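Engineer: Take this structure, written in structure tokens, and hold onto it; I'll ask about it next.
Only the coordinates and a few stated rules stand behind these numbers; no lab work does. Keep in mind the model is a prediction, meaning the values are calculated, not measured. Don't worry about glycine lacking a Cβ; one is built from the backbone with ideal geometry, like all the others, and counts go over all protein chains shown.
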Amino acid sequence: MLGIVLDLVIIASLIALAIQVVSGASLFRGIIHFIVMGLTLALAWARLGAPDLAMAEAAIGAGVTGALMMVAYRRLVEITPDHNPSRTGSRSRLALPIAVGAGGLVGLLGLGATLSDPEPGLAGLAVLEALQDEALGNPITGVLLLYRGLDTLLEIAVLLTAFLAAVAVTRREDLDYSITTRDPHTPLVGALLAIIVPLTVLVSVHLLKAGSHDPGGAFQAGAVLAACGVLLVLTSRVSASSQSRPLIGLGIVAGLISFSLIGLAAMLRGEPPMALPGMWAVYFIETAMMLSIALTLVLLFAGTESLRRNQHG
Amino acid sequence: MIDVALPAIVLFLLLNLVAGMIRVYRGPTLADRMLAALLFSTTTVASLLILAEWMAIPALRNVALLFVMLASILSLAFTGLPDRHDDEAGDS
Amino acid sequence: MTASEGLALLLLLAGSGFYFAGTVGLLRFPDAFCRLHALTKADNLGLCLICAGLAVLSADWRIASVLFLIWLLGLLAATVSAHLIARQARQAGADNIDPPEAS
């Protein structure tokens, strides 16, 4: 009973927050509403029993997108200092019909899903049964790597494409623009980095390792590692550079290349493509994907193709 | 008894969050809105911890850990915001 | 209800009381610096009490140590955030009013 009330409060706040995010007059208020919506969304995933998604939401929402929006807001104010950063202009007349139509469609789909017989698809049951025999205890990692390998591979390819597109449109003068916090050298920030940076690395490795039997995996681990990189960029311990470095380039493509090579090697052995030879391959691919995801997200955040380390006395 | 108390406390925390949204809505300064977001972050952490106990999903504790570990990134990004907006000092 | 459950419930209720106090402070205090006090102090005591209550309830030292770590990180985050936000608010002064509504 209380659970249903809780769910209803979460749903109502999610809808109200979503409306506020897109319709708020003040841009900064919209950003804060977006951040709070991320928090509420994590609670919703928790209530739905999906800790994997809650974890991804926490790592991406708290670590990357919130900071990204703050930095974008700041850039917007600096580019157009004489322009009010609030949203102006009237709302389109189509806004209300589209919103009502979309809401109705979602409601109809949800109603259909709840009313239909909860008969699970045969393929899903078969997969879950087959996964019992595998060494992977976490069905999500199992499905992502063993059954939907091509999808996972293409997701990594999408991330790489997004990075290449971002690099293609980055202008050289944008690199001079600093996205660091105002006083990156106060003692408190140093102490924070000394605790949080090793901890994020530890947690991401733990999530990667736990991903084989518990909620976690390459994406969550990569996002946590990316948050660590964002922290370093914000505090100007690491900053954008136009000089390309082979190690960074290798890190960006590591996930895609190792997954494709191991997947294609299966064809040489006469197995179907993307068949993995064993647990070592799972760990190897997951580690490479984690590094690629983390590096790509940090580079996208910094808006650059390469990074350099800053020395601090 | 405790099985009723845990969701009730989560509900209470969530209602606190909803009430706190008034501060985000009103502002008036950027810092006020940011403060409210930070309060909601710890409220969510507490709710996730209680949900982990109630729903018996230990992985939710890891989610709470992630939130609390990464909370300071947001305030670091916030501190870089410019001092003033030139044309809006008067319209508060 | 066992004695440990009663203790846990007491701690949890006290913790949510502090969260309530934090929310009231956030809404009622006059300016950003006062609200900073309401929030960081009440909030972390609230997190502390809730973590303590859940640790008693779980009666497992591994869960208790995770909860302790979460509380310590919460303290660290609140300290750093309060410092940075107070600094921003002081440097920005009264000029940094976010426009309430676009006219």
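Engineer: Looking at chain A, identify the longest residue range that excludes and avoids all trypsin sites (Lys or Arg not before Pro) in DSSP loops having at most 13 other Cβ atoms within 10 Å. Could you put the intermediate results ahead of the total?
Structural biologist: Numbers: sites that count: A:91, A:93, A:171, A:269.
The longest uninterrupted stretch comes out as A:172-268.
Engineer: A further question on this structure: On average, how many beta carbons from a partner chain sit within 10 Å of the beta carbon of a residue in C:44-54?
Structural biologist: 4
Engineer: Take the alpha-carbon centre of segment A:282-313, take the same for segment C:60-75, and report the distance between them in whole Å.
Structural biologist: Centre-to-centre distance over Cα atoms comes out at 29 Å.
Engineer: Let me ask something else about it. Taking θ = phi - 60°, what integer Hz values does the Karplus form 6.51 cos²θ - 1.76 cosθ + 1.60 yield along segment A:48-60, in sequence order, with x for Gly and Pro?
Structural biologist: Result, rounded to whole Hz: 7, x, 10, x, 4, 5, 4, 5, 4, 4, 5, 5, 6.
Engineer: Counting helices only, and only those DSSP H runs with n ≥ 4, report the 222 nm mean residue ellipticity of chain B as the sum of -39,500 (n - 2.57) divided by its residues, in deg cm²/dmol to the nearest 500.
Structural biologist: For chain B, the value works out to -27500 deg cm²/dmol.
Engineer: Relative contact order, percent, of segment C:3-92 when contacts are C-alpha pairs under 8 Å separated by at least 6 residues? The partial results should precede the final answer.
Structural biologist: Details: 83 pairs, mean separation 29.9, N = 90.
Value for segment C:3-92: 33 percent.
Engineer: What number, rounded to the nearest 500 deg cm²/dmol, is the helix-based mean residue ellipticity at 222 nm of chain A, given -39500 (n - 2.57) per DSSP H run of at least four residues and division by all its residues? Spell out each step's value before the answer.
Structural biologist: Values: 12 runs with 213 residues, N = 313.
After summing the helix terms and dividing by the residues of chain A, the value is -23000 deg cm²/dmol.
Engineer: Using Cα springs under 10 Å in a Gaussian network model of chain A, which residue among A:195, A:262, A:140 shows the largest mean-square fluctuation?
Structural biologist: Largest GNM mean-square fluctuation: A:195.
Engineer: Right, here's the next one. Taking 30 Å as R0, compute the FRET efficiency from the Cβ-Cβ separation of residue B:22 and residue A:310 and round it to 0.05. Numbers along the way, then the final one.
Structural biologist: Working: r = 42 Å, r/R0 = 1.39.
FRET efficiency, residue B:22 to residue A:310: 0.10.
Engineer: Oh, and also: So, counting K/R as plus one and D/E as minus one, what does the shell of residues with Cβ under 14 Å around residue A:256 add up to?
Structural biologist: -3
Engineer: When Cβ neighbours within 10 Å are restricted to other protein chains, what is their mean count per residue of peptide A:65-78?
Structural biologist: That average works out to 4.
Engineer: May I pose another question? Write down the radius of gyration of the protein assembly as shown and its Dmax, each obtained from C-alpha positions, in Å.
Structural biologist: 23.5, 74
Engineer: I've got another one for you. For Cα pairs less than 8 Å apart in space and 6+ apart in sequence, what is the mean separation divided by the residue count of chain A, i.e. the relative contact order in percent?
Structural biologist: Relative contact order for chain A comes out at 19 percent.
Engineer: Cα-based Rg of segment C:3-92 per 2.2 N^0.38 Å, rounded to two decimals?
Structural biologist: Here the answer is 1.24, to two decimals.
Engineer: Per DSSP H run of n ≥ 4, the term is -39500 (n - 2.57); total these for chain C, divide by its residue number, and report the mean residue ellipticity at 222 nm rounded to 500 deg cm²/dmol.
Structural biologist: Numbers: 3 runs with 85 residues, N = 103.
Theoretical 222 nm ellipticity from helices: -29500 deg cm²/dmol.
Engineer: Related question: Please find, in a Gaussian network model of chain A (springs between Cα atoms separated by less than 10 Å), the residue of A:12, A:56, A:227 whose mean-square fluctuation is greatest.
Structural biologist: A:12
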